Structures are given as C-alpha cells and as structure tokens.
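What follows is calculated from the coordinates using simple rules that are stated; it is not laboratory data. Note that the structure is a prediction, hence the values are computed from the model and not measured. So basically every Cβ, Gly included, is an ideal-geometry build from the backbone, and we count neighbours across all protein chains shown.
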Amino acid sequence: MVTEGEPTDLIKVLHLLVLSFTWGMQVWVSFIAGFALVTQVTLHTFGLVQSKLFPVYFYCLMGSNVVSLAVYAVHHPRELLDWHESVQMGLYFMALVMCGLNSQWLGPAATEVMFQLREVEEEHGLGNQIGLGSQREEYTKLKVQDPKYKALKGKFGRYHGMSNLCNLIGFLCTTANLIYTALKLSTI
C-alpha cells in the first residue's frame with residue numbers, strides 16, 4: 001500500500017520512461033545522428049537540418065527534465081534528503097539549466113551565426129560538398145582573406161562550443177541519474 005508521499009507504481013514507471021527517453025534522445029542526437037548526417041549530406045544541408053532539429057530536441061529535453069525533476073522533488077522532500085539524494089536532485093536541476101541555456105540562448109545564437117556564415121560561403125562557392133575534406137583549403141583561404149568571415153567563424157565556434165559543453169554536461173547529469181536510479185530502484 002502506498003503511504004503519503006510515496007510514489008505509486010504508475011509514477012515510478014513514468015519517471016523511468018521519461019528518464020530513459022531523455023537519455024536515449026541525448027545519445028541519438030548528440031552522438032549518432034550528427035555523425036551519420038554529416039557524412040551523407042552537404043554542409044549547408046546539415047546546418048539547415050540542425051537548425052530545425054535542435055529547437056525540438058532542446059524543448060523535448062527541457063520538458064522531460066522538468067517532469068523528471070518535478071517527480072523526484074515531489075517524492076523526495078528537501079527536508080528529508082540524504083547526501084546522495086541531494087546530489088541527484090542537483091543533477092536533475094543542472095540538466096534542466098543546461099538545456100534551458102541551449103534552448104533559449106546558445107542554440108538560437110549559433111543558428112543565427114551559422115546562417116550568416118552560410119551566406120558568405122555561398123558567395124564563394126563553398127558549402128555544397130559533403131564533409132570538409134575536399135575544400136578544407138578553400139575554407140582556410142576564405143578565413144584569411146575575409147575578416148568578416150573570420151569573425152563569424154570565431155563567434156560560431158564560441159556559441160557552438162558552449163552549446164556542445166552544455167549538452168555534454170546535461171548528458172552526463174542524465175547518465176548519472178539513470179545509473180543512480182538503476183542502482184536504487186526501490187528509492188524512485
């Protein structure tokens with residue numbers, strides 16, 4: 001019998017499904033889909049796909065992180081948390097913050113700069129090849145010759161790097177929570 005504050009079996013299953021969905025989506029989008037796509041389509045097509053995919057990805061992550069944090073917080077009152085539960089709560093919160101940064105600031109900023117880079121590259125006949133291999137030297141020359149392009153490339157690198165870092169931190173937080181949850185199934 002469920003006591004007050006103890007989650008029902010349905011809540012436990014929902015919590016595990018949402019946490020698993022989050023982790024699986026992060027693995028697929030972060031490590032598998034990008035590699036598969038960049039080796040199959042042109043760089044500009046890859047950028048366009050990412051510009052459409054990432055907002056959906058970040059908002060799905062944000063929604064699932066909110067659900068995970070809410071379910072965990074409701075059934076683990078702050079006053080009763082032990083050290084491990086406090087860490088897990090912090091990891092849920094950190095994953096949510098990282099996703100929020102990506103969805104509200106870093107993702108849109110990187111996309112905006114990516115489209116500006118695309119315009120310059122199209123003016124110079126670049127971006128319609130699959131991968132960087134065949135035209136790597138042309139990109140390097142363009143960076144040296146065009147200060148605007150060099151500045152945009154640096155700006156894109158910063159936003160993209162921070163976005164990747166936030167995504168990786170969120171992934172590590174979700175992974176840690178999934179491992180902790182698997183090891184402590186009775187405490188969900």
**Request:** Go ahead and estimate [θ] at 222 nm for the chain from helices alone: -39,500 (n - 2.57) per DSSP H run with n ≥ 4, summed, over the residue count, rounded to 500.
**Result:** -25500 deg cm²/dmol
**Request:** For residue 148, put the label point 7 Å out on the Cα→Cβ axis and report which residues of segment 45-59 keep their amide N under 15 Å from it.
**Result:** none
**Request:** For a footprinting-style exposure proxy, rank 174, 111 by other Cβ within 10 Å, fewest first.
**Result:** 111, 174
**Asked** Dividing the convex hull volume of the alpha carbon atoms of the chain by its residue count, what do you get in Å³ per residue?
**Response** 119 Å³
